[in-house]
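Written out below as C-alpha cells is the structure these notes cover.
Since every read-out is calculated from the coordinates, none of them should be taken as a lab result. Computed from a predicted structure; not experimentally measured. Cβ coordinates were reconstructed from backbone atoms using ideal geometry, including for glycine residues, and neighbour counts include every protein chain displayed.
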Amino acid sequence: MVVVAGRPNVGKSTLVNRIVGRRVAVVEELPGVTRDRLELEADWNGRRFMVVDTGGWLRSGGDLDKKVADQARRAIESADLVLFVVDVTVGETTEDEEVARVVKRSGVATLLVVNKVDNDIREAEAWELLSLGLGEPFTVSALHGRGTGDLLDEVARRLEEAAVDEARDTRELGSNSADVSTPPTSAPPPTPHIGEDESVAAPRVAIVGRPNVGKSTLFNRLVGEERSVVPDVAGTTRDAIDTVLDTPDGPVRFVDTAGMRRRSKSASGTEYFAMVRSLQAIDQSDVVMLVIDATEGVTHQDQRLAERIGAAGSPLVLLLNKWELLRTDSRNTVLADVEDRLGFLGDIPVLKISARTGLGVHRIARALREVVDAYHTRVPTAQLNRVISAIQSAHPPPGSRIRYAVQGASDPPTFTLFATHKLPPTYLRYVERRLREELDIGPTPLKLRVRIGG
C-alpha cells in the first residue's frame, strides 16, 4: 500500500489522480479539501498496488484538523511506502518538518516528492528540501505529468523489493519453525476484517443521505475502524470512500458518500464535485442505504434523494438514525411520516438504528441479504401466468385482457405483460402489489412493461 501524505494544498490529490489515471479524488485550489482516507487501485507497467490519498496535515488547528491528521498518521503507520509530498513554490514549512518527523519515526520506507516543479529553475530549488532528511527528491508536476513516470518506476521497484523480502522472510520463518513441536490449539473463530481484493465480486452498498445525518459514523461502525472523519460538523466527507468488509455472508463493499444538499447550494467547486461522486456511487451500487435523521423526520431533500435512488433502479434499505434521541411518544409519528412521504418506494426495509451507540446496526446485514436476494428473483413462466390468471379473475382489467406474461430480466425483476389494450396505471399498481404478495417478492424495485397486440 502506497500512502500519499503531506500538509494541505501541496497537490496530493492531484498526484493521486495522476497515478490512478483518472480524476477520482476531489481537487480544488483550497487547503483542506481532502479529509478522509481515499483508497484506490493503481497499475503501473503491470504492477498493481493500492494508493491512499490522505488529508492535509496541520501542525495546529481545531478538532477537525486534529482528526484529519490522526487519519493521516494511521495511514502512514500501515503503509508499505510513503510518498511525502511538498510544494517547491513554497519551500520547507513547519508543517512539512512535522510530517517528516512523523514519517521518520514510523520507520516506513519514504520517497520525498517535490511537486509543482514545472521548469528547470524549480528543479534546482527542489534540492533545498534535502534538509528534511528524507533523501534525494523526486521532482514532479502532478498537474502536467512531468516526472511522474520516473516516480512510478521507483514506486514499482520498491514494492517489488518489499514483496521479495517478505517472501524470503516467510520461507525462513517456515524453515526455522519446522522442527519446533507445539501443542495443537483450536483455531480462533473468524472475525470480520477489511480487505481490498478487487477479484472478489463484492456487492457495492452505498451509504447516502443529507449532510450530518450520521453516514460516516455508521460507515466507521460497520467497518470497525475510523476510516471517515466524524466531527459534529455538516459536510465533512468530500470523496466517496469505500472499503471491502468480509462478513459471514461474504464480502461487502461499503461506500461512504458526501452528504447531498440542494442543488442551489452546491452549484460549483468542492461541493459540486462531492455531489457528483455521490450520484456516481448511487448509480454504480448494488444496494443503497438511505440514512435519515429520525430527530428531523423526512425532509423535502430526503424525498428528492429517494426519488433519485428509485430512478437508478437499485434496491433500498431505509435507516432511521439517531433513533435513541427520539421521545417515545414521537416515534409513531416519525414512522407514519416515513410511510406518507416515502410511500412511493414501496415495500422497503425500514430499520431504526443508532450509528453512535450501535443500536439496531446488527440488523443491517440481514436486511441487505434480503434485498439482494429479492433483486435477483427469477420466476418460472408457468408460475407467473398462473398468478396473472388469478389476478385477472379476482379483478379484471378495464377494457383489456392480459393474454400472458414473461419475466424479461432480473436485477431488478422485470415482467412484460402482453395485453389486448392499454392498462391504466392504477391497474398496473394493483398487479404489482399482487405479484409481490403471490410470488413472495421481497423488498426490491419491480418493473412492469406492457406490450399491446393480438
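Proximity of backbone amide H atoms, modeled 1.01 Å from N, is registered between L245 and G195, V252, R253, F254 at under 5 Å, excluding neighbours fewer than 5 places apart on the same chain.
Using R0 = 60 Å, the C-beta based FRET efficiency linking R327 and I121 works out to 0.35.
The distance between label points at T420 and T89 comes to 7.5 nm (points 7 Å beyond Cα on the Cα→Cβ vector). In order along segment 44-53, the Karplus-derived 3J(HN,Hα) couplings, from 6.51 cos²θ - 1.76 cosθ + 1.60 at θ = phi - 60°, round to 10, 6, x, 8, 8, 7, 8, 10, 10, 8 Hz, and Gly and Pro are given as x. Fewest-first ordering of Y427, Y404, Y375 by other beta carbons within 10 Å of each residue's beta carbon gives Y404, Y427, Y375. The phi-based Karplus calculation (6.51 cos²θ - 1.76 cosθ + 1.60; θ = phi - 60°) puts the 3J(HN,Hα) values of segment 100-116 at 4, 5, 4, 5, 5, 5, 5, x, 7, 4, 9, 10, 7, 10, 9, 9, 6 Hz, whole numbers, x for Gly and Pro.
Whole-Hz Karplus values for segment 339-356 come out as 5, 6, 8, 10, x, 5, 6, x, 7, 10, x, 10, 10, 9, 9, 9, 5, 6 Hz, taken residue by residue from phi with 6.51 cos²θ - 1.76 cosθ + 1.60 and θ = phi - 60°; glycine and proline positions read x.
On a 21 Å Cα-Cα criterion, which of the cross-link pairs K215/K352; K422/K447; K215/K447 come out too long? Going by Cα-Cα distance, K215/K447 fall outside the 21 Å limit.
Orientation-averaged projection of segment 381-452 equals 4.3 nm² [convex hull of Cα atoms, one quarter of hull surface area]. If the chain linking S106 and A409 were pulled fully straight, counting 0.36 nm for each residue of separation and taking away their Cα-Cα distance, it would gain 103.8 nm. Using bins of 5 Å that start at zero, the share of Cα-Cα pairs per bin across segment 308-454 amounts to 2, 9, 16, 18, 16, 13, 10, 7, 5, 3, 1, 0, in whole %.
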